[in-house]
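Step one of this worksheet: look at the structure below.
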Amino acid sequence: MTRRHRSAVVLGMAGTVTLLLAGCLGTGTGTTPVEEDAEGPLTVQSRLAGDSGDAVALQAVVDAFNAKGGGQVEINTVPNETFRDQLPSYLTASNPPDVLTLYGGSLTRELADEGLLLDLSDVWEGAEFSDGLRALSTDSSGNQVFIPTSYYWLGVYYKKSTWEAAGAEVPTTWEEFLTASEALQANGVVPIGIALGDAPWLASAWFDYLNLRVNGADFHIDVLAGDESFDDPQIEAVFEKWDEILPYFDPEAPGIAFGQAATDLTQGRTGMFLAGSWLAFSLPPESLDEYDFFQFPIIDDSVPLAEEGPTDGFVGAANTDQPKLTKEFLAFLATAEAQQIMFEANPNDTLLPANPNVDVELGPDALKGQLILESAVGGVTQFFNRDSSDALQATADQALTQYLAGAKSLSDILAEWQSEAERVRAG
Amino acid sequence: MTTTINAAAAPLPSDASYPVAATKPRQGRSRWRSRVKTTGFHSVAITLSALWFFPIFLVLLNSFRTNSDVLRNGVAAWPEVFVIDSYVTAWVNAEMGRAMVNSLIITIPVVVLTLLLSSFAAFGLSRYRIPFRRTLLLLMLAGNLLPAQLMLIPWLKIAESSGLYDTLFIVILIQTASGLGFYTFIMYGFMRAIPVELQDAASIDGAGVLRTYWQIILPLTRPALAALGALSFTWVFNDLLLAITLLRTSSQFPITAAVLSLLGEFSAEWNLIAAATVIAAIPCVIVFLMFQKHFVGGLALGAVK
Amino acid sequence: MTQIAPRATTNRRRAFFTPPVVFALVLVPFTIEAVGVFYPAIQGILLSFVKWNGIGVAEPVGFDNYVRLFTNDIVFYGALGNTAIWLVLFGGLSFALGLAVALLLQADRRGVSVYRTAIFLPMVFSLVVTAVMWTSIFQPRGILNDFLIAVGLEDWTKIWLGDPNTALYAVIVAALWRQIGYVMVLFIAGLKAIDPTLHEAARVDGANVFQRFRYITLPQLRGVNLVIISLLVIDSLRSFDIIWAMTRGGPFGSSELLSTYMFSTAFTDRQLGYASAIAVVIFLLAIGVIISYLIRAFSETKED
């Protein structure tokens, strides 16, 4: 086949493909705005599991909204995995769910940039959220698309009795952290537990925090966005610090499942676990007061302190047939009143309300978490995958598990990570 | 020994010429031997079954534990206390009653339709000289070689454009369609073995095509149909992917998705999920036990005589 | 006495005249499959010629996905190799062990339905939970290692799911556990279809168990073998759930199969066009293996 012939064939195929797929794919950009709302209840597509505190909170606030009489709202709960996999098809459907649970970060921004999310800027006009939350909820064209309702903290969790038995003291600086790890190890405890078997993303928590502590939030965000590369010497510095605590990591970690790792912490086999407040769900509920957490130790005083504070909330679908009611509901969710209802209905002590004017009594963990997050003058990030993408998370999982297993040299790992990241960003 | 087997020539044990004398001592020895064989069989079978059953046993154990027991002691530990709360909670939280009904609404029609249609097609392809019959068969089978993930989005579009998105009906249709190639191929394999004499005898008697099908061929493939019925029930009942792609509202979800909904983003109460799984397994176990008795008995090939 | 033709290579002389209703019997299912499977399949194959992330506009790229797959993707070749291992080990052992268990449990004696049910149960329990049980059995301080230590084989303990050398095989064990029950069911149906008079005649002729197996059972099972081998090839290439649930294809891609790679490309990387290309490759592999086997099998049986 001559070259001209071949490109004609390719073009012809491309044309045919486009035509054939026109029915298959849809444009994804917004449709013309609907004048009047359609009839029927508003659907909230929720990924919050049936009896979890979050789901109970959502039900409570929905009941409150329905009681007001402005319109009816229904919750439709789907499994979390399903929600994540089907999200594109939910939003691109001709009759999408009106409201969806989601979290702040690059995924929301990406969906908004594709025109799949409802513009909520008018709802945000009266909103009382902090500037940080406003920035989080804004897409690339400056419109707000996300209503935050709660956020949580990350910390190094430990069982108090394990530490007491080992004579280890809760650290605030890096040196103290090393000392505590030594003490634990000397007492036969594996200092740092982690579950790489089925939750390799846990390693990203360590990467994020080490990067935040060594290089600061700005650099961390730049790396995730692709403006800095993974084989940069500043990243190497992160791993140099990590090398100092590497001996304290659980050598069995590559084969350990998350449930097992939590049980290890409970049974005192491991000493600490860097995790979000959701770790509490994997600890025996009747003995939660036996556990505590501390802020990730400070490495460099000159680096502005940054923390991770993943934020959850709600979005509206751009193609909804009830935009007015959707905005009313989302506006209600943004108020202090609604978030108070949600907070009080949630029996767990694992969240902080996003609205600063919510008047609730925080539990001891939440108070501590709040202090940690308020100390973050250098900025608050969301977590590796929320700030970048699930695809980039997969590259991190690969690189970090290789690092923790000592499978390759650091320069090889970082070079490979960078090329994988570039491949992911190229799409 | 390289004796060639010639069934027609060998005398059958019921033949009157079989020696009757000298059975007493032989009887005693063979009875002992058969008892050893039975014990041997049962010990091997019991060991095998016990080993096989072990992971399920773990699931059962976990379904009778409390969540904090599982969290404190791990999934492979003996229960501290036996409770049945998990079953009640799982039933309520996952709305299993409704999900079970949905699963049955999907599965039963699919199994019936699939067995019917595939045995029709296999019958036609194996017993008659249809042109290109082997190509057709291979083509139908080829349809099943495609990974389901390849077709999820096209299926979704079909569902949306036909207005059947989020209904059980479209799940039934697509489940049936996507199994046909497989099952036709399997039924073809079983139907091939039926000697043509039976068919000839039927047509000499004046039976039409459908009569031949119903009265001669179908009964002879009973073990195969029973096996396929049990297997297809299990496969369709346990399908998750198609259900979560084509259904959006939780009230439509079958039991597989309902069990999955007990898994939170960061939390999982394994005692609940284990209990839900046990509940979800019950229909399939019942079906399997029911179909077992159809495995009994070989083909009545002796009828030719 | 009419000759009962015992071999699979029977002279299945068909009716020379095919009644029209037979065409309907075949074409109705065929059409249903055409609409429900072939048509979406073609659309899916077309998807492999675009670049699409599921939410934006699809960008036609011709054969780029395939070029990249074959020339620039190490993971693909690793997954291909693992899939071959899976095919041979999982497929082969399913066949052999399924047959063995079916032979053991074919006779309808007392208690056999209990044993058969025990072997079949794994298929019936949701994978979400059974995968967790198997994962826990394979934990570094789980039941398997505890057992090995208890019988003095401490050197054999490993981090089964965390060691790139053992992860794939550990998952194969769990997958076999699930699969053998269903292979057994099919074999039992096939064994039941063998005329018992054949065995009787052979027994009287003096043939022992092994000879009867070799000269009667195996040949009689040829039709069923065809079916089961094809099914095992299909299932091997489609195996996804159990690997994803236990290892996600890790560690370091040591248990990555083409099916898990396709899934992660579609849902984690959100590259639906590329994932479709991988799916097409899986399809072509399946066709290649099965169709060539079937064509050979068909021609061997001297069919008319």
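Test C:V21 against the criterion of being more than 22 Å from the chain's Cα centre (by Cα) and either outside any helix (DSSP H, G or I) or within 13 Å of chain B (Cβ to nearest Cβ) (or both), and give yes or no. Working first, answer last.
Numbers: more than 22 Å from the chain's Cα centre (by Cα): yes; either outside any helix (DSSP H, G or I) or within 13 Å of chain B (Cβ to nearest Cβ) (or both): yes.
So C:V21 fits the description; yes.
Only one of C:V185, C:V132 is within 7 Å of another protein chain (Cβ to nearest Cβ) and in contact with a strand residue (DSSP E or B) (Cβ under 9 Å, 6 or more places away or on another chain). Can you tell me which?
Exactly one residue qualifies, and that residue is C:V132.
Given (1) over 20 Å from C:G190 (Cα atoms); (2) aromatic (F, W, Y); (3) away from chain B (no Cβ under 12 Å), where does C:F147 come up short, assuming only one miss?
Unmet for C:F147, out of (1) over 20 Å from C:G190 (Cα atoms); (2) aromatic (F, W, Y); (3) away from chain B (no Cβ under 12 Å): (3).
Please give the helices (runs of 4 or more DSSP H) falling wholly within region A:128-191 in which 2 or more residues are within 14 Å of A:F296 (Cβ to Cβ).
A:174-186
Any chance you could count how many residues in region C:235-252 are surrounded by 22 or more Cβ atoms within 10 Å (Cβ to Cβ) and within 11 Å of another protein chain (Cβ to nearest Cβ)?
7
Against the conditions (1) in contact (Cβ under 8 Å) with a residue 12 or more places away in the chain; (2) within 14 Å of chain C (Cβ to nearest Cβ), where does A:T263 fall short? Just the number, please.
Tallying (1) in contact (Cβ under 8 Å) with a residue 12 or more places away in the chain; (2) within 14 Å of chain C (Cβ to nearest Cβ), A:T263 fails exactly one: (1).
Among the residues of region C:253-262, how many are at the interface with chain A (Cβ under 10 Å from one of its Cβ atoms) and either in a helix (DSSP H, G or I) or under 15 Å from C:I172 (Cβ atoms) (or both)?
The total comes to 0.
With respect to the numbered conditions (1) buried (at least 24 other Cβ atoms within 10 Å of the Cβ); (2) in contact (Cβ under 8 Å) with a residue 24 or more places away in the chain, which one is the sole condition not fulfilled by A:R269?
Just one mismatch for A:R269, condition (1).
Looking at C:I295, is it assigned to a helix (DSSP H, G or I), under 13 Å from the mean Cα position of the chain (by Cα) and more than 7 Å from every other protein chain (Cβ to nearest Cβ)?
Answer is no for this residue.
Which of the following residues is of a type in the set (A, V, I, L, M, F, W, C), more than 21 Å from B:N67 (Cβ to Cβ), within 14 Å of chain B (Cβ to nearest Cβ) and buried (at least 23 other Cβ atoms within 10 Å of the Cβ): A:A317, A:A275?
One residue alone meets the criteria, A:A317.
Any idea which residue in region B:107-147 is nearest to the other protein chains (Cβ to nearest Cβ), counting only those that are farther than 23 Å from C:F23 by Cα and surrounded by fewer than 19 Cβ atoms within 10 Å (Cβ to Cβ)?
Among those that are farther than 23 Å from C:F23 by Cα and surrounded by fewer than 19 Cβ atoms within 10 Å (Cβ to Cβ), it is B:P109.
Could you please give the count of residues in region C:116-164 that are outside any helix (DSSP H, G or I), modelled with pLDDT of 90 or more and touching a helix residue (DSSP H, G or I) at 6+ places or on another chain (Cβ under 6 Å)?
10
Checking C:S230 against (1) in a helix (DSSP H, G or I); (2) under 30 Å from A:A391 (Cβ atoms); (3) in contact (Cβ under 8 Å) with a residue 40 or more places away in the chain; (4) among the polar types (S, T, N, Q), which test does it fail?
Of (1) in a helix (DSSP H, G or I); (2) under 30 Å from A:A391 (Cβ atoms); (3) in contact (Cβ under 8 Å) with a residue 40 or more places away in the chain; (4) among the polar types (S, T, N, Q), only one is false for C:S230: (2).
Could you say whether any residue in region A:365-378 is part of a helix (DSSP H, G or I), small (G, A, S) and buried (at least 18 other Cβ atoms within 10 Å of the Cβ)?
yes
The values are calculated or read from the model by the stated rules, or taken from the named source; none is laboratory data. None of the values given here were measured: they were computed from a predicted structure. We place every Cβ from the backbone using ideal geometry, glycine too, and count neighbours over all the protein chains shown.
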